[in-house]
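Since the structure comes first, as C-alpha cells, the remarks are kept for the end.
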Amino acid sequence: MHIAIVGAGPSGCYVADALGRKLPGARIDVFDRLPTPFGLVRGGVAPDHQGTKNIARQFERILGKEGVRFLGNIAIGRDLAYAELKEAYDVLVIATGALQDRRLGIPGEDLDAVYGSGRFVAWYNGIPDGRDLDPRLDGKSLAIVGNGNVALDIARLLAKTTEELADSDLCAHARAAFEAAAIEDIWLIGRRGPLEASFTAVELAELGNLSRAAILVDAGQLPPALPGESQDSQGKLVELLRDFAGHGEQREKALRIHFAFNAAPLAIRGEGRARELVLARTRSENGQAIAGGETFSIAADTVISAIGYRSTSFPGLPFDAVRGVVANDRGRVEPGVYTAGWCKRGPQGVVPANRADALAVADLILADLAGREPSAKTGGALIDALLAGRGACRVDLGGWQKINAAEVAAGQGRPREKLVRLEDLLIAAGS
Ligand SMILES: Cc1cc2nc3c(=O)[nH]c(=O)nc-3n(C[C@H](O)[C@H](O)[C@H](O)COP(=O)(O)OP(=O)(O)OC[C@H]3O[C@@H](n4cnc5c(N)ncnc54)[C@H](O)[C@@H]3O)c2cc1C
C-alpha cells in the first residue's frame, strides 16, 4: 500500500501514525513545502510557549518510524502536481493547513503598516517566505483586530521585555525589531463582547504577569457578575477581565494593553500608511455583533488583523472557495483522496484536536480500502524519479535533524536560534 500525505503538520503526522499502525507494511511518504516539519507547531505556536512545542518530539518519532519517509522542501503545486500524486499512490491525504489570512474587507486594508496575523506570525517565527516582511512598528499605537489566542500571542510578545523573552525561540530579526519598537499602546479589538471572545483563560491570565504592561479594561463593557460564573470558560474570562478592570492605577507603566469590545472595524485611514482605525460601536445579540450607528476612532500606526485563515488550493484539487477549505464529505475528497486538519474543517482547534480528526479520517480510509485488490501503483519510486528529473532539493528526516542540531547549538542558552533563510536551511540539512 502506497500512501502520500501532503503536509507534515500535526494533522499529517497524526494521520501517518494512525495509518502506520493500522496498515503494517504500508509505505507512507509525508511531503512538506518547507524543509522543516511540524507545521504551525514550529511556525505558528508562540515562541515563548516552548512547552506546547514539545509535542514536536512526538511528531519526529512518527516521521522516523519504519515505512515512513519525510520529503521536505517539496511543495505540491510547484515540485509535484496533484495528478502525479494520485497516479503514484493508492491513498492521498491532503493536510496542508490554512496559510492565508482572511481579509477584514474594509477601506484602507491595503495601506502600509497593515498586516494579517498569518504573515506577521510567519515573520516572527522565521518561516523563510515570511522573513522579509519587516513590519512597521515605529508608531506609538498598534491595533490588533480579533479576540482569539493569536491576538493575545501577538500582544504578549510585543509587550514582553527582552528578559521576559530570554527563554523563547523568537527569531533574532524579530527580537531586534521588538526591542526597537516605539509602541506604547496596544489595542485588542473585538467586534463582539467579552462573552463571545474566544480567548482561553490561561492565555488571558498570562497578560496579567507582564512586567512593563498595564492591562486596561473598561468595567462598563463587562456583564454584571453572575453567581458561579467562573465554572464555565466564558465566565472565567469575564472574571479575569473584571480583575484587569481594577488595574487602572497601572496606566503609568511603559506600555498599555487596552481591550475594546463591541467595536467593529469600519476603515483604516492614513496618508500612505495606517494612522487611524475607525470603529462602529456594536451590541451583541444572539452571539452576533449589531452596529448601532455610533462611530469612534483610535490612533493605530500599525494594524494587525487576527480574524482567521483560509486554506490554499493547487490545480486539480476540489476546493470550497466559499469556506476556504478542501471540498470534502467528512474527509473524503474524491476516490482515493482524503483530507484532514485545518484544511478540512477550517482553522479552528488546538494541536491535540487534530488527533481525533486524523483518527476518524484514518478509519474512513480503512473502511474504503476493505476488500480492495492490491494495485500496481509504485508510490515513492515514481515520485523519486520525477523529483530527481526536476532537480528538486529534498530534505529528509536526517536533514531536518541536522537543521535542528545546528539551531539548538546556535541558541546559546535560548531553546534555539532558528535558521530563517531557505538557502541556510538547505545548507544545514546537507541538501
Ligand atoms: C498563530 C497560531 C498559534 C497557535 N498556537 C497554538 C497553541 O499555542 N497551542 C495549540 O495547541 N495550538 C495552537 N495553534 C493551533 C495549531 O497550530 C493547529 O491546530 C495545527 O497546527 C493545525 O494542524 P494542521 O496539520 O492541520 O495544519 P498546519 O500546522 O498548518 O500544517 C500544514 C502543513 O502543510 C504544509 N503545506 C502547506 N501547503 C503545502 C503544499 N502545497 N505542499 C506541501 N506541503 C504544504 C505546511 O508547510 C505545513 O507544514 C495555533 C495556531 C496559530 C495560527
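Could you tell me which residue out of A260, P347, A151 lies farthest along the dipole of the chain toward its positive end? Charges go on the beta carbon: Lys and Arg +1, Asp and Glu -1, centred on the Cα centre. Selected residue: P347.
Each Lys and Arg adds +1 at its Cβ and each Asp and Glu adds -1 at its Cβ; summed about the Cα centre, the chain shows a dipole of about 600 debye. The residue among S297, L34, I62 whose Cα reaches farthest toward the positive pole of the charge dipole of the chain, with charges on the beta-carbon of Lys, Arg, Asp and Glu, is I62. Can you grab the distance from the C-alpha centre of segment 400-431 to the C-alpha centre of segment 159-226, Å, no decimals? Computed from Cα coordinates, the inter-centre distance equals 30 Å.
GNM on the chain, alpha-carbon springs under 10 angstrom: the most fluctuating residue among A16, A122, A388 is A388.
With a Förster radius of 25 Å, plug the Cβ-Cβ distance of L382 and A353 into 1/(1 + (r/R0)^6) and report the FRET value to the nearest 0.05.
On the way: r = 34 Å, r/R0 = 1.37.
My answer for the efficiency is 0.15.
Between the beta carbons of D112 and E373, assuming R0 = 51 Å, the FRET efficiency works out to 0.30 to the nearest 0.05.
Treating the beta-carbon of each Lys and Arg as +1 and of each Asp and Glu as -1, no other charges, what is the dipole magnitude of segment 102-305 about its Cα centre, to the nearest 20 debye? List each step's numbers first, then the result.
Details: 22 positive and 30 negative charges, 82 e Å.
The calculation lands at about 400 debye.
Modelled spin-label separation between S233 and E271, with each label point placed 7 Å from Cα along the Cα-to-Cβ direction: 4.6 nm.
Of interest is the spacing of the C-alpha centroids, which for segment 29-57 and segment 316-359 amounts to 19 Å.
Annotation: per residue accessible area for the chain equals 43 Å², rounded to a whole number [probe 1.4 Å, protein chains only].
Pop out the carbon and sulfur fraction of the accessible area of segment 155-301 as a percent, whole number, probe 1.4 Å.
Values: 3380 of 6850 Å².
Carbon and sulfur atoms account for 49 percent of the accessible area of segment 155-301.
Surface composition of segment 46-122: carbon plus sulfur atoms hold 47% of the accessible area, using a 1.4 angstrom probe and ignoring ligands, DNA and RNA.
Restricting attention to segment 194-290, close to 65% of DSSP beta bridges with both partner residues there are antiparallel.
Taking L387, L34, L237 in turn, the Gaussian network model of the chain (Cα-Cα springs below 10 Å) assigns the largest fluctuation to L387.
Segment 103-158 and segment 254-305 have Cα centres separated by 15 Å.
Between E206 and H49, residue separation times 0.36 nm minus the direct Cα-Cα distance comes to 55.4 nm. Rounded to the nearest 5, the antiparallel percentage of DSSP beta bridges internal to the chain is 35%.
The values are calculated or read from the model by the stated rules, or taken from the named source; none is laboratory data. Note that the structure is predicted; figures quoted are calculated from it, not measured. With ideal geometry, Cβ positions are generated from the backbone for all residues, glycine too; neighbour counts draw on all protein chains shown. When the accessible area is computed, the model is the full protein with side chains, heavy atoms only, and any ligands, DNA or RNA have been set aside. Shrake-Rupley method; radii C 1.70, N 1.55, O 1.52, S 1.80 Å.
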